[in-house]
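Only one structure is covered here, and it is reproduced in the block below.
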Amino acid sequence: MSVHETKVHEEHHELSFIQKYIFSQDHKIIGIQFLFSGLIFLVLGGVLALLVRLQLGWPHADQGWLGQILDWSPAAGQRMSPEQYNTFFTMHATVMIFFVIIPLLTGAFGNFTIPLMIGAPDMAFPKLNMMSYWFMWPGFIIMLLSFSLGVAPGGAAGAGWTSYPTLASIGMPVGGGAESPAAPNSGWGQILWLLSLIFVGVSSMMGSVNYITTIINMRAPGMTLFRMPLTVWGMFITAILQAFALPVLTVALVLQTLDKTISTTFFLPPGVLEFGNWTTNPGGGQPILWQHLFWFYSHPAVYIMILPAMGIVSDVISTFSRKPLFGYRPMVYAICGIAGLGFIVWGHHMFQSGMDPRLGTGFMIATIMIALPSAVKTFNWLGTTWRGNLHLTTAMLNALGFVALFVIGGLSGLFMAATPVDVFIHDTYFIVAHIHYVLFMSSLFGIFAGIYYWFPKMFGRLMNETAGKVHFFLTFIFGNMTFYPMHLVGAAGLRRRIFDPTMTGFESNVQFLNQFMSVSAFLLGAAQLIFAVNFFYSLFWGKEAGRNPWRSNTLEWTTPSPPPHGNFEVTPVVYHGPYEYSVPGMEDDHVMQTRKLEGVPVGAGH
Amino acid sequence: MAHAVQEEKRLHMGLPIPNGKLAMWLFLVTEIMFFTALIGTYIVLRNGQPIPVHDLVAGMDQDGNGEIARSEARGEIADLFEHGDQDNNGSLSEHEVGQIASVLSLPWPSPHQVHLIEWIGALNTFVLICSSFSVVLAHHAITHGDVKKTTIYITITLALGAVFLVVKAFEYNSKFSHHILPGYVFDRLDGSRGAQYLAKVQAELTEIKEHADHVSAEAAADCDKLLRELTAREKEGLRSLTPEELGLRVNALLEKHPDLHLTPVIPWGNMWASCYFAMTGFHALHVLGGLVVFAIILLMAFFGTLGAQHAGLIELTGLYWHFVDIVWIFLFPLLYLV
Amino acid sequence: MSEEKREESQEETKPQEEEKAEAEAHTEHGDEKPVEDKEAHASSSHAEGHGPAVGVYTAIFAALSVFTLLSFAFNGAMQSGMISAMTSFALIMGVAVIKACLVAIVFMHLMFDWKRVYFMIIPAIVLGLLILIVLLPDIVLGWKSVAAHELTPP
Amino acid sequence: MNRLWSILFGVVMTLAVLAFVIAPAMGWWLPENIGTFYGVDTLFYVILATTGFFFVLTEAILVYNIFAFTDRGEKADYSHGNHRLEMFWTAVPGVLLLLLAILQIRTWEEIKYQTRMPTPDHVFEVSARQFEWRIRYPNAIQLDRITSAWQDKSEPALARNWQQFPHYDDVHVVNEVHTWKDANVRIYLKSKDVLHSFYLPNLRLKQDAVPGKTIPVWFRATRANTIYNEQTREWVDRYNYEKKRFDSSLRYDLACAELCGWGHYKMLGRLFVHPDREDYLNWLKSAQEKQRQTQAQ
């Protein structure tokens, strides 16, 4: 085996373009592939979000040229139909969660940083790594195909990204075709949605097995677990979450696919359901079972979408505060705590679902307690900046933005966690505000921080700082203008997932805020153009970065930018933790992890 | 299996365990979660079924458009259970009715009702245990450098796995021929389902009548009698058999002559079939995957590239295969016995 | 190509130095010892070298076969009314657990590898049981209580 | 001056606090609570106060840090943390959160636990379907029987029977929930097709309707808004009894809060709270009369 593998190693240097950049087995290229596909889908998800906002802001307006482009019927004032609206928000969530945030955080940053930060030449299984990327593509393609009316006559899935049965799962009886009597777009569109997610799930599973193996077994000499940077810790725990939770989602997806295609009855309740003149065959299953299986994965998935960002932000803040991370070990324990508790809180998505209310009490206590590790992390970030020497680069600004906004997202979570309050705000815009503060305002700021921070390592060039700061400024302002008022409209009771928010008294009260949020959302979208231009401009004409532009300590900065195949010229040996900044008695304010400190007592977490 | 880059002798941190084995165990952990969710679904759905016999009879839709019809039907069936159906010329003896009633009142189909034969399941368990044994022997052989023995044991394993699948295929076939498939099972006979059932059984009885030589004389006679009853009543203006009555009669017939191709009524049969095919189907897919790997190993042996350096590969394959065995160890009692 | 070579040559000249550095790196923070791959191979082949003999495997195989018969017998006893359904369920599932443990411990070499993989297996089992336990009140008991109303004769 | 970035953070966070201060004045706030689940509102404010305090605290420290320590021109303090501080800010929020959790339990039990629901004065069935609420009321005699048989919170067989098997002279109404002031209402919530959610914002009530399940729901409305209009001979809502005139804010909507298909947004109804039982029974009688007429046709 070893002889064979060494050979493969050497062959890499005569690889064709396709092997080097398309079907690459190099973790860095794969990471960059994930980065690009994630950013492309970010555009798609963003456009879908703007369409949703358009409808919410001006539900009765004639959409004019846009309607013409999208072929909306002139008879209906060139407005989108409610079915299309459902499709748009369903696909917005699906694309953003499964094709943007998770691939960007775990796929792009996980792949790029893990081997570099632990001093490994590559992932443990490069071929598996490549497969994990290319398994995303059938998912991408199937999901995109479902938008085509030729493939899915009812349009893409429109039953919400949670795809609750029986709306999503009802299919015609055997031989009745794939159309759904419950919702026109839960026919083929829904089946394709399920298949696509199965592919994405398998891809993530491959990735997580690879990450865990790599982190456990391929660390450089001296890189003990408690000397790993927090980014790696975040990725490690995320991978564990995925490994344990994803199979359950896969089962749920498969069972729903069977329900829709071969008339199994896992989620079809006993008793006949009536849709117009059509009735289902009797089932014997349970609609709530889906919710349990789904949230058993999808709640940990929320942490999958935030833990890596927390890790990235910890690294960035420590680096640019020129100060050791405050409370390294508590930070690690907090991540583990979030992951551990994360497995026993899924029921808080189901407080109003008809779940046994006694379970609700238990889930509530666990859920409220999960705020504790999050609070500890926030305090430690503040502790890190306290009496530091802050360098406000774009990466740092984004990281600070993460902290500022994660506080909002974290605290608003308490409202939903509290069962009685949740009775009122469940399925209102309050939850929409919460999820966007956690996933957009936090995870995406974490992603931006990561991109600005590692861009020089990925491509050897620095991004333009001025443009970056303008981008941050506008995103921070418009982001808050878009999502903050959602708390207020949520408190006023505005339901989520509705086509026309002016139908009831309590909802039409806040229509002004809806328009305000829509305008802000368009501005927010426009501000991202600055990022796109900056990204591509810097890719080709940015300033040369050199090995360690930020004067960071971690191992990836000991290599050239971009690192060569195999990463390290010499296997690095690690002597101390990753956050030894501003060590007293040293001239330089940073000490690479590979540099031995003589006579200075150092140690993470002590 | 394990194409690890880092197999060179080099200092590194971590566990004293090769990457391949660690990853295989991680994979098995995801598989544990996968099958837990699948089997868990089965367990909770099965134990969640609340409905004893009168629901087959009365239906349980709650809009209650026909309360009167329902209570009438309930009364009739209660009569049927208590005294036998008098105008049936005793084709359903009291004992039989009691027996059928007790079977129907189970909250879940018994193995018998869905044509599961316990000893076949046990046989398949034994086959898989044998294959586990042979694969562990193959691993033992290859660690001692005995490639020839390894090849033999792997061949045995492959053959046993194939036997398992063949047995499974026969089992599936018997389900197909009795229409015990999700969406096809008649587990309730209210509303339009009842009319569908009447038509279906009538067609099947006619079919049997036309090809009477395929079944025993006694069975043919019983079928003929039932068919005559079914059709004669319509002509003579008598009260026709309700779907529920017909269901009981067909079940009784099948009790007597298990080989008849008649569609039985199986309360919760759809749910049962859904669970059965999902669980055994995924298990069979895993078996198939294992067989593919064994076939690859055999090809390697055939071309002479198999050697002691592949001990790791065989160990990992063995781990996977044992796991598949363990899954079946749980599936067998859950599906066939308890 | 050249980089590879350089790496290798440096590897060759460095090991002693590195190991020393290693040792020092660890005296400061001795929570984890580095492992040499040689050692890893040695310890996993340990299982093979001094692993269970064919005799042990055969014994386990025999035990598994006997247990399969046993669960079959329990089922028969239940059907003929000798033991209650609950008892037979408990016995049969108990036998299944024992069989699974035998396979895992001996055939899957957990008797050697347990201390290296337990940290994955235990959480999986705990989480698996957790799903079941949480689903029980909701789907099993919840249904039954609703059903009880529905079954009350009018 | 890089430290000016602190102004951005400071201003945005101040505006965030201000937004919650001015929102009630602008009407972007919790709708009027006409039910007895005051606990929901109280706990909302308790959590708002707690989170508000921590929000201001953390953001203020963050803004201060950005202002004070940006480009300090001297080396950062070398510190890996403080064990006692960690213990402090783990223990204090931990205890607070636990208290917060315990605080919720009673209200939750009051709203959802079947065993805690009071003996009802009024019983009806809500059956959701795409995209309307079908409501079935027992007639006056049935209602009397059911409620008088209801003792010690235990549901009588009569009620179970009624919810399972519709009676021929039940009153069927679509999208209109009628009750009277201060009546304990027990609803049997069902769904005929997909998931729906029974959402009465003014009563702080929300419960999913699950096909195949009957879920009990209760509430008590404490403010009447319905009056008999002599001219049109109809009962109309939005009537303010205290001010003796119509008031559009007294429109109590019933909405579906769980995505149920394309028409989810328009699956709406109204809550009519009659001033007393007598008025309700009058309405019931007229609705029954109307139903008979349409059936006769």
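The values are calculated or read from the model by the stated rules, or taken from the named source; none is laboratory data. Since the structure is predicted, the reported quantities are computational estimates derived from the model, not experimental observations. Note that we place each Cβ from the backbone using ideal geometry, even for glycine, and neighbour counts take in every protein chain shown. When the accessible area is computed, the model is the full protein with side chains, heavy atoms only, and any ligands, DNA or RNA have been set aside. Shrake-Rupley method; radii C 1.70, N 1.55, O 1.52, S 1.80 Å.
Assorted remarks:
- Rolling a 1.4 Å probe over the protein heavy atoms of the protein assembly as shown, with every protein chain left in place, gives an accessible area that is 64 percent carbon and sulfur.
- Checked against a 18 Å cut-off, the cross-linked pairs D:K112/D:K213; D:K243/D:K285; A:K323/D:K75; A:K377/A:K457 give Cα-Cα distances beyond that limit for D:K243/D:K285; A:K377/A:K457.
- The residues A:L149, B:L137, sorted by heavy-atom accessible surface at 1.4 Å with ligands and nucleic acids left out, run A:L149, B:L137 from largest to smallest.
- Residue-level accessible surface for D:T294, protein heavy atoms, 1.4 Å, Å²: 90
- Surface calculation, 1.4 Å probe, protein heavy atoms: B:L26 sits at approximately 10 Å² accessible.
- Residues of region C:51-112: accessible area per residue with a 1.4 Å probe, Å²: 45
- Positive-end extreme of charge dipole, the protein assembly as shown - chosen from C:T68, A:I32, D:F53 (charges on Cβ): D:F53
- Degrees, to the nearest 10: A:465-491 long Cα axis against longest axis of chain A: 40
- Positive minus negative residues near A:G347 (Lys, Arg vs Asp, Glu; Cβ under 14 Å): -2
- About the centre of its Cα atoms, region D:29-109 shows a dipole size close to 200 debye [charges on the beta carbon of Lys, Arg (+1) and Asp, Glu (-1) only; nearest 20 debye].
- Given charges at Cβ of Lys, Arg, Asp, Glu: chain A dipole, positive-most of A:N277, A:A220, A:S146: A:A220
- Environment charge at A:I288 (Cβ cut-off 10 Å; Lys +1, Arg +1, Asp -1, Glu -1): -2
- A cut-off under 10 angstrom between Cβ atoms defines the neighbours of A:T265, and their net charge, with Lys, Arg +1 and Asp, Glu -1, is -2.
- Under 5 Å from the amide H of D:A209 lie the amide H atoms of D:H196, D:S197, D:F198, each residue being 5 or more positions distant or on a separate chain, with H modelled from the backbone and absent for Pro and chain starts.
- The charge dipole of chain A, taken about its Cα centre with unit charges on the Cβ atoms of Lys, Arg (+1), Asp and Glu (-1) only, comes to about 840 debye.
- Helix D:5-26 axis versus longest C-alpha principal axis of chain D: approximately 20°, rounded to the nearest ten.
- Take region A:225-331 with all the other protein chains still there, run a 1.4 Å probe, and you get 13 Å² of accessible area per residue.
- DSSP beta bridge pairing in the protein assembly as shown, given as percent antiparallel to the nearest 5: 70
- Take each residue in A:124-135, count the other chain C-beta atoms within 10 Å of its C-beta, and the mean is 2.
- Those GluC sites (Glu not before Pro) in region D:34-107 that DSSP places in a loop and that have at most 14 other beta carbons within 10 Å: D:E74
- Annotation: D:K190 carries an accessible surface of approximately 10 Å², with a 1.4 Å probe and no ligand, DNA or RNA atoms counted.
- Solvent-accessible area buried by B and C, counting both chains, probe 1.4 angstrom, square angstrom: 5700
- C-alpha long axis of helix A:394-417 to longest principal axis of chain A, angle in °: 40
- Total accessible surface hidden between B and A, rounded to 100 Å², 1.4 Å probe: 4200
- Using only alpha carbons, region D:122-291 has a radius of gyration to Kirkwood radius ratio (Rg to Rh) of 0.95.
- Think of the protein assembly as shown as having a plus end and a minus end, set by charges on the Cβ of Lys, Arg, Asp and Glu; of D:T232, B:L254, D:A287, D:T232 sits farthest toward the positive end of this dipole.
- Spin-label zone in region A:380-406 - amide nitrogen under 20 Å from a point set 7 Å from the Cα of A:Y537 along the C-beta vector: A:393-398
- Comparing Cα centroids, region A:201-245 and region C:73-140 end up 30 angstrom apart.
- Partner shielding of D:183-192 amounts to 2, given as the average count of beta-carbon atoms from other chains within 10 Å of each residue beta-carbon.
- Accessible surface buried by the A/D pair amounts to about 9100 Å², both sides summed, 1.4 Å probe.
- Accessible area (Å², per residue) of region B:226-338, counting only protein heavy atoms and a probe of 1.4 Å: 33
- Shape of the protein assembly as shown, Cα gyration tensor, a/c cut at 1.5: oblate
- Average other protein chain Cβ within 10 Å of Cβ, residues A:489-496: 6
- Placing unit charges on the Cβ atoms only, positive for Lys and Arg and negative for Asp and Glu, gives chain D a dipole magnitude near 300 debye about its Cα centre.
- Residues in region D:24-39 occluded by at least 10 Å² - accessible area, probe radius 1.4 Å, against chain by itself: D:G27, D:W28, D:W29, D:L30, D:P31
- Under the simplified labelling scheme, the A:D588-A:F36 pair shows an inter-label distance of 3.4 nm, with each label point 7 Å from Cα along Cα→Cβ.
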